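Engineer: If you scroll down you'll find the structure; I have some questions about it.
Any read-out appearing in this document is the output of simple, stated calculations on the displayed coordinates, not a laboratory observation. Since we're looking at a predicted model, the values are computed, not measured. Glycine also receives a Cβ, built like all others from the backbone with ideal geometry; neighbour counts cover every protein chain displayed.
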Amino acid sequence: MTQLPDWNSKIGAWGTSLLRCLPAELAHDIGMWALKHQVLDYLPQPSSMHGSVNLSTEIGHLGHLPHPFLLAAGFDKHCLAPGAFFKMGFAGVELGTVTPQPQPGNPKPRMFRHEDTRSLINRMGFNSDGHAVVHKRLKNHRDSLPRGSIVGVNLGKNKVTAPELAVNDFLQGLHLFDAVSDYLVINISSPNTPGLRALARPDFITSLAGEARSFVNKTWIKLDPDIERHDFQAIVHAITDQDFAGFILSNTHRVDWPQAGGLSGHPLLSQSNTVLEWAWEVHRGLKPMMASGGVLSGIDAYQKIIRGACAVQLYSALVYRGPGAVLSIHTELQHELKLHGFSTMSEAIGVFYDQGRHT
Ligand SMILES: Cc1cc2nc3c(=O)[nH]c(=O)nc-3n(C[C@H](O)[C@H](O)[C@H](O)COP(=O)(O)O)c2cc1C
């Protein structure tokens, strides 16, 4: 595997350390500005991501990807620089969450870094440029993205939309973004929009599927990790029965301390691993799962894959490890798989359940 030259990883690491001296959202905005202005073009690019262990993966209707790493929702909410993430080595990018109408989100400060635990707490509240603007940007970017690249669009509801009308917000998004995306996501799991998580119920899933029949096979559902096991599995049943494309597990864990919001990063790892196990108990590998939550290293990614994930999304890893995160985690995952005797990643998917470790 070709590594980034040493000085490149150093520049990435210095840049990331400098940004981490700033408040979290300001650092994010400066980082996005730099990516939008092609800062990565001034650094040598990873020329290939090969290695002795084959990381290629099949992700349901999305087909074959060279490796499992995708950008998680929330990093490029407004489609400002999707191309930059492919230059970092991501195989796919999930844009959004996008709401139908533009909305400002919650007052600042609303994003907090906790370096000691390598975590983040956010209560952004779906700050969004809105469907029309994001759709136009994505249409303009689409042709310049690398061939075979995967773009997902994560959809939310406006804060002012009453929960009983939320289905209309999602339907608008499905119709608008269908032609410009490879997959769509229904986000009923962010903790910062009043009433949103309450939509994670079998009856909502069933009525959404009824209205969105022609989209279900490219629509993934992102769930939160705070649902009680029995209720969680009832929703997984409904999603599987309605033949949605798959699951994204999971969103953030709701916390009240030291800030109110959703917790990401290392402390989310084990809770989000548990919901992968709960989902697998229901669908037994029949539905694809993209993992999200606490992946900061290849060892963390391995834990997701053995629990049945065929793709792994990253957010906090970019904050704590910088733009070289994908390449580093890609290398670490290869080592981890090799250590466990695997020569391909696909052999490892779901082995946690074969080894009798799961009770
Ligand atoms: C600042 C911030 C904003 C986020 N915004 C969204 C969002 O708009 N939609 C969404 O589905 N998830 C959002 N997320 C959650 C991430 O997509 C991801 O599920 C979560 O951070 C766990 O992954 P991680 O531990 O790798 O960070 C956000 C996370 C953070 C830290």
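Engineer: About the Cα centre, and with charges only on the beta carbon of Lys, Arg (+1) and Asp, Glu (-1), how big is the dipole of the chain? Nearest 20 debye, please. It would help to have the intermediate numbers written out before the result.
Structural biologist: Values: 31 positive and 31 negative charges, 131 e Å.
Roughly 640 debye for the chain.
Engineer: Among the lysines, which have Cα under 29 Å from the Cα of Lys87 when same-chain residues fewer than 8 positions away are ignored?
Structural biologist: Within the straight-line cut-off, Lys87 pairs with Lys10, Lys36, Lys77, Lys136, Lys139, Lys218, Lys222, Lys304, Lys338.
Engineer: Distance between Cα centroids, the range 166-213 to the range 112-144: provide it in whole Å.
Structural biologist: Comparing the Cα centres of the range 166-213 and the range 112-144, I get a distance of 18 Å.
Engineer: If you don't mind, another one. So what are the ³J(HN,Hα) numbers for the range 90-100, from phi and the Karplus equation (6.51, -1.76, 1.60; θ = phi - 60°), rounded to whole Hz, Gly and Pro as x?
Structural biologist: Along the range 90-100, the couplings run 4, 8, x, 9, 9, 8, x, 5, 10, 10, x Hz.
Engineer: Enumerate the amide H contacts of Met345 below 5 Å, restricted to partners 5 or more residues apart or on another chain; note that Pro and chain-start residues carry no placed amide H.
Structural biologist: Asn54, Leu55, Ser56
Engineer: For the range 149-155, just list the computed ³J(HN,Hα) in residue order, Karplus coefficients 6.51, -1.76 and 1.60, θ = phi - 60°, integers in Hz, with x standing in for Gly and Pro.
Structural biologist: So the Karplus estimates, Gly and Pro as x, are 6, 9, 10, x, 10, 9, 10 Hz.
Engineer: Let me ask something additional. Given the -39500 (n - 2.57) contribution per DSSP H run of 4+ residues, what per-residue ellipticity at 222 nm results for the chain, rounded to the nearest 500 deg cm²/dmol?
Structural biologist: Numbers: 12 runs with 129 residues, N = 359.
Helices in the chain give a 222 nm mean residue ellipticity of -11000 deg cm²/dmol.
Engineer: Also, I was wondering about something else. Can you find, among Pro323, Val282, Ala309, the residue farthest towards the positive end of the dipole of the range 281-359? Put +1 on the C-beta of Lys and Arg, -1 on that of Asp and Glu.
Structural biologist: Farthest towards the positive pole: Val282.
Engineer: Using 7 Å Cα-to-Cβ label points, what is the Tyr353/Glu228 separation (nm, one decimal)?
Structural biologist: A separation of 2.5 nm, rounded to one decimal place.
Engineer: Short version: what are the Cα gyration tensor semi-axes of the range 209-257, square root of 5 times each eigenvalue, largest first, in whole Å? Don't skip to the answer; put the middle values down first.
Structural biologist: Details: eigenvalues 110, 30, 13 Å².
Taking √(5λ) for each eigenvalue gives 23, 12, 8 Å, largest first.
Engineer: Hey, got the dipole for the range 179-273? About the Cα centre, +1 on K and R Cβ, -1 on D and E Cβ, debye to the nearest 20? The partial results should precede the final answer.
Structural biologist: Working: 7 positive and 10 negative charges, 26 e Å.
The calculation lands at about 120 debye.
Engineer: With θ set to phi - 60°, apply the Karplus curve 6.51 cos²θ - 1.76 cosθ + 1.60 along the range 307-314 and write out the HN-Hα couplings as whole Hz, x wherever there is a Gly or Pro.
Structural biologist: 8, x, 6, 9, 9, 9, 9, 10
Engineer: Pick from Val180, Val53, Val39 the residue whose mean-square fluctuation is largest in a GNM of the chain, springs joining Cα atoms under 10 Å.
Structural biologist: Val39
Engineer: Hey, another quick one. Rank Glu164, Glu25, Glu94 by mean-square fluctuation in a GNM of the chain with C-alpha springs under 10 angstrom and give only the top-ranked residue.
Structural biologist: Glu164
Engineer: What stretch of the chain, leaving out the sites themselves, is the longest with no trypsin sites (Lys or Arg not before Pro) in a DSSP loop having at most 10 other Cβ atoms within 10 Å?
Structural biologist: Values: sites that count: Arg147, Arg357.
No qualifying site falls inside 148-356, the longest such stretch.
Engineer: Putting +1 on Lys and Arg Cβ atoms and -1 on Asp and Glu Cβ atoms, find which of Pro258, Ile186, His131 reaches farthest to the positive end of the dipole of the chain.
Structural biologist: His131
Engineer: Still on this structure, please answer the following. For the chain, modelled as a GNM with alpha-carbon contacts under 10 angstrom, which of Cys21, Cys79, Cys310 fluctuates the most?
Structural biologist: Among Cys21, Cys79, Cys310, the largest GNM mean-square fluctuation belongs to Cys21.
Engineer: Could you give the nm distance between label points at Arg20 and Asp178, where each point is 7 Å from its Cα heading toward the beta carbon?
Structural biologist: The answer from the label model is 4.4 nm.
Engineer: Follow-up question, since we're still on this one. If you wrap a convex hull around the Cα atoms of the chain, how much volume per residue is inside, in Å³? List each step's numbers first, then the result.
Structural biologist: On the way: hull volume 44.8 nm³, N = 359.
Value for the chain: 125 Å³ per residue.
Engineer: While we're here: Could you pull out every residue, at least 5 positions away or on a different chain, whose amide H is within less than 5 Å of the one on Gly265? Hs are placed 1.01 Å off N in the peptide plane, and Pro or chain starts have none.
Structural biologist: Leu120, Gly294, Ser316
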